[in-house]
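The values are calculated or read from the model by the stated rules, or taken from the named source; none is laboratory data. Note that this is a predicted model, so its numbers are computed, not measured. Here the Cβ is made from the backbone with ideal geometry for all residues, glycine too, and neighbour counts use every protein chain on show.
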Amino acid sequence: MRARLLRPRTRVDWFLTVIRVAVLIVLAVGFAAFIAQEINPDNPFAQWANPDATGLTGAQFRGLVVSGIAQGSMYGLIALGYSMVYGVLGFINFAHGEVFMVGAMTGMITSNKLADAGLWESNFIGSLVFIVVVSIIVSSLTAVIMERVAYRPLRGSPRLIPLITSIGVSFFLQNASVVLLGPASKSYPDVPDWLKAKHTFLQIEGAKILVVVVAALSMAALWYYVDRTKTGKAMRAVAEDAEIAALMGIDVNRTIVKVFAVGGAMAGMAGILWGILFRSVIHTTGFLPGIKAFSAAVVGGIGHLGGAMAGGLSIGVAESVGPLLILEPLGVSGVSQLRDAVAFSMLIIVLLVKPAGLFGERLPAEDRT
Amino acid sequence: MNLTVPSETGPQPPPGPAASTASNDSPPRPPFAQDWGRIARMGAVGAVGQIFISLSNMPVKLDGRAIIEGILSLGYLSLVVLPFAVGSRVGYQVRREGVPFHRPGTYEVVGGAACGAVVGGGLSLLAILIANFDLREPLVNWSPILADLLAFNRGTAFAVVIWLAVGAVIGALGGLLRVVPPLAKRILWTVVLTLFGAAVLESLTTDLAEGMGLEGPVEWFYAPRGGLTVTGAIALAIGSAVLAVVGRGRVKGAKAHIDSLEGPARTRAHLGLILATGAVLVILPMFAGKLTNELLANVGLFVLLALGLNVVVGLAGILDLGYVAFFAVGSYSAAVLTAAASPRINPELPWFVALIGVVILTGLVGLFIGAPVIRMRGDYLAIVTLGFGEIIRLLFLSDWLSGWFGGSQGITNIPGAEIFGLAEVSGTDPRSVFYLVLAFCAIAIYVSWRLERSRIGRAWMAVREDETVAEAMGINTVNVKLLAFVVGAVLGSFSGAIFSAKVGSVFPASFLILVSIVILVVVIFGGMGSIVGVIAGSAVLIGVLGGPKQPGLLAEFSEFKLLIYGALLVWMMLARPEGLIPSVRRTRELHQEEMAQDAWLRGQTDEDETADDNNGAAAGRTAVGES
């Protein structure tokens, strides 16, 4: 990699080097312009980059970072599913974003039913726990059925075949939601005031604190499950080498089902958090977060659980702060429309600059060669 | 394939009803000693699927489309699909077990009936549930309309009984399918397919017949409010049955005959076929009305797109999920270059001159997207191209570039394509659009056909099958893959340029990732790497079900087509990854392992004659188990 960067050999290498340098220059100039604007919007450099620049106030910046972290922790939760499945089976489960959508939809249905019964207002914490449990069960089941129907028969086929299948599954689940539940966007019931109020000296919305705390707890639970229990050991063994694991007496199929179930549970959890934070869900809810979560898994180093969380947080913060930090100072108008583009660009840049991700990737045996 | 009977009990009797008790030692099972566990399991799966279909509103929506007037509608057909499939599946599994029978066939039929009844029971259950509970809140189609449809407007009790009975009968038919002799099966399939096809193609046939002045026979075949008339259906059934008997083996024989030809004779035969097809395609639209031509033009646009993606996915094996980006760039650059209303630059070039610019621009975009991604692993590449597809759409949509591309307002008032002053092609005249599309399809077919057989094409296939080996053979994999990317991009841009001239306006909303996926489904359904397959795939899917936004022949399916595309993609990958009309090489590649095993086993039997028998067999088992 390094050698190629310094001594390009083919024309494509030259081109890539130019792209890399250009990207770095854009990032550097954008960041420099941002700093210049923060010091004084009227200084000549800032004026040259963007005459209309105003810079960000501290409160705005904090708000962006906090919502970035809240979204990023959800991406991290979804990314765990991608990462675990990739670690064990070596393919991208494109439909994982749809499992997240199923979780959010289940939460929407259950919470609305609870709200009709009056329990949502009178016992919010109890109802929240209930919808989390229901949603985790439903999304785990979705993931497990998906594995059984679509992926198990394809085990051992060329890598692109299960990927194409998972695109089909994703398409199917999205449109199944359309035909069963209707195409309109659906909303969660109103949340209590303490979730909307701003707390602590940082003035963070309660819902965002809840999201981050719950995500951290789920992550810790998952870490314990994978790193300290016997099942987790079996999962790691299968990820390392499925054949040898089978010879050591591990039921590979069962372990893979468990991996899908756990990944689905995390996605279901993220779905509920999404519902609490944005209070609206539609059949395409799963698509963009799914892709971004995959980017998060790649950014963190696929197959690496801590990396998935770190990648999620960095994607979340980057897409929330990036447009205003880099693009706005450069005079790009309407930057908030480009946040998705920024998230995708980050995936592309990471794959161009450091394909193994921040923490290095852990791959199944057959991919290491 | 369904009639072969693998078994461990020695040589099998020839399949068919003649497969009797004679050659098997175990006592015959009576027809009611079924494997009830399996029937319950499969029935339950079928019942869940059938309930899903009912709640997806398919029966209600499709009930408006009659197949045979007053007897069968597409809606009721959608309710009996699964009992039939499950019954037939049970019959197939029974067949494979090679169960000895008391009376030929009864076992399969009883099993199929039981399983079908379970599926029908699912519908009965649904009818009861709808009558007693209100789940309208999350499930939008939980309605009395569905209940009435299930009960034939006669109350819940009737629904319960009738669906159990219908399920059993249909399931028994499915089981029966496995025991009838091949000729009867052939006739049955031909009749069913002819009737169904005639019903599906109704608008096309009526339109064409009216163009040719043949209203009389059409009115006799088709009822005024849609669907075949009963007499028409019977006539068609008899006709097709006769044809099935008479034409048995003829088509296959003709194909084998052409394949057996060599040298100039073969070229002449192929040329004749191509010319005949071309002539039909040129003459047909002259008799067709506006709607049919519109449909043909849409199909053609997707054929063009699918041929382009076929170069990338089918030949070079690069899974490009952002193919819509090139369609978008083609449309937008054509729009900017030809339209007077485009915001920043408006050279108002004639369409054909603009096309040169379009090709160059799209090629550059292809290079720009391709260069960074080309070295990535296949699955990363797929997601990254998807990201690029989305980025391009977001850029066209953004306020930042709205000074160039109009943002969400898009570019409107794009003039039609003028062809050397001879004709003006625009959306108001779909026939001319179709001819233009046809010309470009011909170019695309020729290009991909020549490329496939060229040095580059062989390099692509080598890269597809094993990149490392290809590199070792001296192929510059990066350049070759990049070339595939660019060729695909340019073919896609043709479609984009025609699209913008046809529709007269371009909006970012026309270029969702959805479009990429639909093209991918078309390519995979037809057969990756097979030109004929890709064309057939577009004709069947886009023509019958419709494109992402374009209606097909079955306009009633518009709500469900994406659902069906998703299911189809999964099913194709599971059951027939090589596609409807596979390319020979691709099939070999996909079934490489099985073929390698077969070859290995053949080699093993040869070796066994000389080597130690036991060792060889043991090694054989391990090797097969491993792979």
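Observations on the structure shown:
- Inter-residue pairs, beta-carbon under 7 Å, first assigned by TED's automatic domain parsing to the domain that holds B:ILE411 and in the stretch B:476-501, second among the acidic types (Asp, Glu) and surrounded by fewer than 24 Cβ atoms within 10 Å (Cβ to Cβ), 6+ apart: B:THR477/B:GLU467; B:THR477/B:GLU471
- For the residues B:VAL506, B:VAL523, the requirement of being crowded, with 22+ Cβ neighbours inside 10 Å and closer than 21 Å to B:ILE392 by Cα singles out B:VAL506.
- Of the residues screened, A:ALA234 is not one that is over 21 Å from A:HIS304 (Cβ atoms), surrounded by 20 or more Cβ atoms within 10 Å (Cβ to Cβ) and either within 14 Å of chain B (Cβ to nearest Cβ) or not β-branched (Val, Ile, Thr) (or both).
- When A:ARG159 is tested against the conditions (1) away from every other protein chain (no Cβ under 14 Å); (2) surrounded by fewer than 22 Cβ atoms within 10 Å (Cβ to Cβ); (3) touching a Gly at 6+ places or on another chain (Cβ under 8 Å), the lone failure is (1).
- Residue match in the stretch B:409-429 (condition: within 14 Å of another protein chain (Cβ to nearest Cβ) and more than 32 Å from the chain's Cα centre (by Cα)): yes
- Residues that are away from chain A (no Cβ under 14 Å), of a type in the set (D, E, K, R), part of a helix (DSSP H, G or I) and out of contact with any strand residue (DSSP E or B) (no Cβ under 8 Å at 6 or more places or on another chain) do not occur anywhere in the stretch B:56-67.
- Per the listing A:VAL134, A:VAL179, the residue uniquely without any contact (Cβ under 8 Å) to a residue 40 or more places away in the chain, within 8 Å of another protein chain (Cβ to nearest Cβ) and out of contact with any Gly (no Cβ under 6 Å at 6 or more places or on another chain) is A:VAL179.
- Verdict on B:SER56 being modelled with pLDDT under 85, polar (S, T, N, Q) and over 17 Å from B:LEU164 (Cα atoms): no
- Filtered residue count, the stretch A:162-173, keeping only those that are within 10 Å of A:GLU98 (Cβ to Cβ), surrounded by 24 or more Cβ atoms within 10 Å (Cβ to Cβ) and more than 7 Å from chain B (Cβ to nearest Cβ): 2
- Test: B:LEU553 is away from chain A (no Cβ under 14 Å), touching a Phe, Trp or Tyr at 6+ places or on another chain (Cβ under 7 Å), surrounded by fewer than 24 Cβ atoms within 10 Å (Cβ to Cβ) and in a loop (DSSP other than H, G, I, E, B): no
For every residue, the table says whether it meets (1) within 28 Å of the chain's Cα centre (by Cα); (2) outside the structural domain of B:TRP189 (by TED's automatic domain parsing); (3) modelled with pLDDT of 85 or more; (4) more than 30 Å from B:SER203 (Cα to Cα).
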{"site": "B:ALA66", "(1), (2), (3), (4)": "yes, yes, no, no"}
{"site": "B:PRO83", "(1), (2), (3), (4)": "yes, yes, yes, no"}
{"site": "B:VAL86", "(1), (2), (3), (4)": "yes, yes, yes, yes"}
{"site": "B:GLU97", "(1), (2), (3), (4)": "no, yes, no, yes"}
{"site": "B:THR106", "(1), (2), (3), (4)": "no, yes, no, yes"}
{"site": "B:LEU129", "(1), (2), (3), (4)": "no, yes, yes, yes"}
{"site": "B:ASP134", "(1), (2), (3), (4)": "no, yes, no, yes"}
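- Helices (runs of 4 or more DSSP H) enclosed by the stretch A:191-294 - at least 3 residues per element that are within 27 Å of A:MET146 (Cα to Cα) and of a type in the set (D, E, K, R): A:230-240
- Residues of the stretch B:526-563 classified as of a type in the set (Lys, Arg) and in contact (Cβ under 8 Å) with a residue 24 or more places away in the chain, total: 1
- Of A:GLY264, A:GLY290, A:GLY232, A:GLY275, all but one fail to be more than 22 Å from A:GLY303 (Cβ to Cβ) and out of contact with any Cys (no Cβ under 6 Å at 6 or more places or on another chain); the exception is A:GLY275.
- Candidates B:GLY378, B:GLY363 - the one that is closer than 22 Å to B:ALA484 by Cβ, touching a Pro at 6+ places or on another chain (Cβ under 9 Å) and assigned by TED's automatic domain parsing to the domain that holds B:ILE517: B:GLY378
- In the stretch B:566-583, residue nearest to B:GLY546 (Cα to Cα) [restricted to those that are more than 7 Å from chain A (Cβ to nearest Cβ) and free of Cβ contacts under 8 Å to residues at least 12 places away in the same chain]: B:TRP571
- Out of B:VAL359, B:VAL353, one residue alone is among the β-branched types (Val, Ile, Thr), more than 33 Å from the chain's Cα centre (by Cα) and assigned to a helix (DSSP H, G or I). It is B:VAL353.
- Scoring B:VAL469 on the criteria (1) within 11 Å of chain A (Cβ to nearest Cβ); (2) surrounded by fewer than 19 Cβ atoms within 10 Å (Cβ to Cβ); (3) assigned to a helix (DSSP H, G or I) leaves a single failure, condition (1).
- Some residue of the stretch A:261-280 being touching an Asp or Glu at 6+ places or on another chain (Cβ under 9 Å) and either farther than 20 Å from A:SER218 by Cβ or surrounded by fewer than 17 Cβ atoms within 10 Å (Cβ to Cβ) (or both): yes
- Any hit, the stretch A:330-341, residues being away from chain B (no Cβ under 11 Å), on the phi > 0 side of the Ramachandran plot and modelled with pLDDT under 80: no
- Condition met for A:SER314 (buried (at least 24 other Cβ atoms within 10 Å of the Cβ) and more than 10 Å from chain B (Cβ to nearest Cβ)): no
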